[in-house]
Structure formats: structure tokens, C-alpha cells
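Report on the structure given below.
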Amino acid sequence: MSMARMTGSLVSPKPCAVILAGGRSTRFGTDKATAVLGGRPMLVWLAEALAEAGFAPLISTARPEHTGFGLPLIRD
């Protein structure tokens, strides 16, 4: 994903889509973003679908384990 930093803001030629992944997952029982579906984390499926649809995905989260996905983060 090509993102550039200019005056403290993210600039992208694509519209951004924010993936809300900061919840506690109390009903699901575990972190939905890292839950594996078809051999890959659900967050990866969502980010790839958004990218294929022409969006630049961002993750809104406070969970440190979400930094490993290689996507820009917005601290929740």
C-alpha cells in the first residue's frame, strides 16, 4: 500500500476505509480480527476485500497484536 506522510496526515490516492477492530469481543469470546477463517485471520480477509474494491484499509484499534498486519493504524 503506498501511503505518504505530509504535515502529520495520511495521504492516499484511494479513499480510505476504517476497519473498527478495537472492541472487546465479549460475545464472540476471542478477538475477531485475529480469528482464523480459511487459514487466514478475518482482518486479512476484510482488508484484502477492501483493497480489491479500491479502498486503502486502515485499522482502528488499541490492541498491540494488530500491528502485525502491516496496515496503517488509528489508535482507538
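List every residue pair whose Cβ atoms lie under 7 Å apart, where the two residues are 6 or more positions apart in sequence or sit on different chains, the first residue falls within the range 54-76 and is farther than 15 Å from Ala17 by Cα, and the second residue, located anywhere, is part of a strand (DSSP E or B) and modelled with pLDDT under 90. What qualifies is Ala62/Arg75. If the condition is being out of contact with any Ser or Thr (no Cβ under 8 Å at 6 or more places or on another chain), at pLDDT 60 or above and farther than 23 Å from Arg63 by Cβ, then the range 1-16 contributes Val11, Lys14, Pro15.
Looking only at residues in the range 17-48 that are open to solvent by 40 Å² or more (accessible area, probe 1.4 Å) and charged (D, E, K, R), the one that is modelled with the lowest pLDDT is Arg24.
Within the range 49-76, can you find the residues that are among the acidic types (Asp, Glu) and modelled with pLDDT under 95? Correct list: Glu65, Asp76. Within the range 49-76, restricting attention to residues that are assigned to a loop (DSSP other than H, G, I, E, B) and hydrophobic (A, V, I, L, M, F, W, C), the residue that is surrounded by the most Cβ atoms within 10 Å (Cβ to Cβ) is Leu71.
The values are calculated or read from the model by the stated rules, or taken from the named source; none is laboratory data. These numbers were taken from a predicted model, which means no experiment stands behind them. Every residue, glycine among them, receives a Cβ derived from its backbone with ideal geometry; neighbour counts consider all protein chains shown. We work out accessible area using only protein heavy atoms, side chains counted, and drop any ligands, DNA or RNA first. Shrake-Rupley method; radii C 1.70, N 1.55, O 1.52, S 1.80 Å.
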